[in-house]
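The values are calculated or read from the model by the stated rules, or taken from the named source; none is laboratory data. Fair warning: this is a prediction, and the values are worked out from it, not measured in the lab. Using ideal geometry, Cβ is built from the backbone for each residue, glycine included, and neighbour counts are taken over all protein chains shown.
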Amino acid sequence: MAAPADLLGELMTQSLVAWRLSGGVRRSGDGAILVTCNSHEIRIRPAPPDSPFRWMVIDGARGRGAISLVAVLRQVRATLDPGYATMQVRIAAFPLLPP
């Protein structure tokens with residue numbers, strides 16, 4: 001079984017393809033995943049153990065936490081493809097409709 005960082009690297013590689021963005025994905029010496037595209041270099045690494053986040057997404061001097069891989073993908077796409085129209089979903093409980 002592959003290590004989580006290897007799987008994340010493959011996910012990011014395939015995401016660039018799906019988003020039709022040209023760039024590259026590689027591992028850094030400290031184990032972070034580096035995504036390069038459109039003059040950006042984004043570092044993705046596990047968050048520190050005392051953090052409420054699971055991942056840290058760092059673009060230059062700006063770092064943000066992400067609670068899931070979905071949040072990582074959303075942050076990376078927003079940075080690399082600023083023209084992408086994001087969609088928000090709201091899930092709420094409603095009473096059942098009568099039959």
Item to check | Conditions (1) under 18 Å from residue 10 (Cβ atoms); (2) in a loop (DSSP other than H, G, I, E, B): number failed by residue 52 | outcome: (1)
Item to check | Condition check for residue 74: modelled with pLDDT of 90 or more, among the charged types (D, E, K, R), assigned to a helix (DSSP H, G or I) and surrounded by 12 or more Cβ atoms within 10 Å (Cβ to Cβ) | outcome: yes
Checklist outcome for this item: If we ask which residues in the stretch 42-82 are acidic (Asp, Glu) and touching a helix residue (DSSP H, G or I) at 6+ places or on another chain (Cβ under 9 Å), their number turns out to be 1
Checklist entry - Restricting the search to the stretch 56-71, which residues are among the hydrophobic types (A, V, I, L, M, F, W, C), without any contact (Cβ under 8 Å) to a residue 60 or more places away in the chain and either in contact with a strand residue (DSSP E or B) (Cβ under 9 Å, 6 or more places away or on another chain) or closer than 21 Å to residue 30 by Cα (or both)? => result 56, 57, 58, 61, 66, 67, 71
